[in-house]
Amino acid sequence: MSPVEPGAAPVEPGAAHEEPGAAPAEADTPPVEPGAAPVEPGAAPAEHHRLHPFTPLRRAWVPIGAVIGVLSQQVDRAQEWARDLGSVLGVLLLLGLLLLGALYGFLSWWFTSYAVTDTELRIRTGLLFRRTAHIRLDRLQAVDVTQPLLARATGVAKLKLDVIGTDDKDELAFLGEREARALRAELLARAAGFAPAEAAGVGEAPVHGLLRVPADRLWRSLLLSLGVWGALAGGLAASVAVWWISASLVVSLAMLLPVLGGVWAASGGRFLTEYDWTVADSPDGLRLDHGLLDRAHETVPPGRVQMVRIVEPLLWRRRGWVRVELAVAGSKNDVLVPVAERGEAYAVVARVLPGVELADLEFAPSPGRASRWVVPVWWKGYGLAVSPQVFAARHGRLCRRTEIVPHAKVQSVRLTQGPWERARGVADVSVDHGANGTVTARLRAAAEAAEFLHAQADRSRTGRADASPDRWMT
């Protein structure tokens, strides 16, 4: 029996003990999945959560819809199968199809889960082929909550995540509405730099309403859109001409239906999507809420807007209405305001581009003597304006478009000249921004364009050096 050191605690019978020189015992740690972030010593394993029980019902219709789609393409053969099987076997086959769809929906829901760690959001999916998405929270730029009509009726919501450097959005469909909003608030808080223990209790960031689009203004603006009426008139004229030439009503209707679909998407579809459009300001960006049937709650992240476009259709100008569109790096949110008075729209743009006063921009027109021979009539619609914060180009006469790019977002500048432009002494100056787009100031005097090329490169360099970081809640 070995002696006990003075002051040492007595060893209980049966307790484990260490041999002299042995390494200290380590606590059992959970296995780490391939590709997952390493678990910090002493950190609790991430707790995985399943989606809302409504999800299997939504996913069960995927195989059923696929079978229905195949049968609709083979109507005659499907009728022959139905006659051969008889009524009893047909009912049994239908029940088997429903059970198969239900089983698929349940299994896909059972094998889908998510977990939030200190540094990332993990989404596990896949029934046969497992996939685990690791979404770094410091790369998260927007979290949108959308509710299709059936989801609104059942009290669930879909969470869509915009991550820097990816074009496709990862999503969690579906969560309970309260759970979706709470998870969104927690993810935004962690992306903003809050500690994990604090992020869960931060809650939704406070919002301040900026603009709400009345329904009557929205439908009137759609009625005053020349593009919709032009497409409808052109489609009807083409269909009547085809009917007159071919004497076939089927061919005429086949040509008219795609046109009617496009007209509906630009009028009725837009009304359903942009109904009750609300813009609110919050520390995590501008909140956009809209939709009549399908409700969407989107976020325009601060500092990620690469370009702002002001659209002024011809029939809107007498009423002073404009439409504001965006180009956001890594996001498909492209509308900021569907229709608003000019002053209201400029106030919202000032929240996206701090320090920029659009009303103070003075556009210099293209030189008339040279430009009228390059682009007859339409040359009057071109203009260029530069301020200490932005580069702005204007074009269009029937539908005027003004595109504004902050100097800090300009990736490259170039000057181009075609042979006819060289002969008339004019050139085009283009800037590329971070949303893979280009803004061009057309028909500038060649000497002015060459001087502007170098000046804009300097402005972009100093703009990036002075720009504030793209950070939320700061």
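Across the range 112-150, the number of residues qualifying as without any contact (Cβ under 8 Å) to a residue 24 or more places away in the chain and surrounded by 20 or more Cβ atoms within 10 Å (Cβ to Cβ) comes to 0. Assessment of the range 350-360 against the conditions (in contact (Cβ under 8 Å) with a residue 24 or more places away in the chain, crowded, with 20+ Cβ neighbours inside 10 Å and in contact with a Phe, Trp or Tyr (Cβ under 8 Å, 6 or more places away or on another chain)) yields at least one matching residue.
Looking at this structure, is Ala347 assigned to a strand (DSSP E or B), of a type outside the set (S, T, N, Q) and touching a residue at least 60 places away in the same chain (Cβ under 8 Å)? Quick ask: steps written out before the conclusion?
Working: assigned to a strand (DSSP E or B): no; of a type outside the set (S, T, N, Q): yes; touching a residue at least 60 places away in the same chain (Cβ under 8 Å): yes.
It is false that Ala347 is assigned to a strand (DSSP E or B), of a type outside the set (S, T, N, Q) and touching a residue at least 60 places away in the same chain (Cβ under 8 Å).
Listed here are the helices (runs of 4 or more DSSP H) enclosed by the range 186-295 that have at least 2 residues being in contact (Cβ under 8 Å) with a residue 60 or more places away in the chain and surrounded by fewer than 17 Cβ atoms within 10 Å (Cβ to Cβ): 215-223, 226-246.
Among the conditions (1) open to solvent by less than 10 Å² (accessible area, probe 1.4 Å); (2) assigned to a helix (DSSP H, G or I), the only one that Pro338 does not satisfy is (2).
All of (1) closer than 30 Å to Ser225 by Cα; (2) surrounded by fewer than 17 Cβ atoms within 10 Å (Cβ to Cβ); (3) not hydrophobic (A, V, I, L, M, F, W, C) hold for Thr416 with one exception: (1).
Yes or no, residue by residue, for (1) at pLDDT below 95; (2) open to solvent by 60 Å² or more (accessible area, probe 1.4 Å); (3) touching a His at 6+ places or on another chain (Cβ under 9 Å):
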| site | (1), (2), (3) |
| --- | --- |
| Phe391 | no, no, yes |
| Arg401 | no, yes, yes |
| Ala435 | yes, no, no |
| Thr440 | no, no, yes |
| Arg459 | yes, yes, yes |
| Gly463 | yes, no, yes |
| Thr474 | yes, yes, no |
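Among the criteria (1) touching a residue at least 24 places away in the same chain (Cβ under 8 Å); (2) at positive phi; (3) over 16 Å from the mean Cα position of the chain (by Cα), the one Val311 does not fulfil is (2).
The values are calculated or read from the model by the stated rules, or taken from the named source; none is laboratory data. As the structure is a computational prediction, the values presented were derived from the model and not from experiment. Neighbour counts are summed over all protein chains in view; Cβ atoms, including those assigned to glycine, are modelled from backbone coordinates with ideal geometry. To get the accessible areas, we keep the full protein, side chains included, count just its heavy atoms, and leave off ligands, DNA and RNA. Shrake-Rupley method; radii C 1.70, N 1.55, O 1.52, S 1.80 Å.
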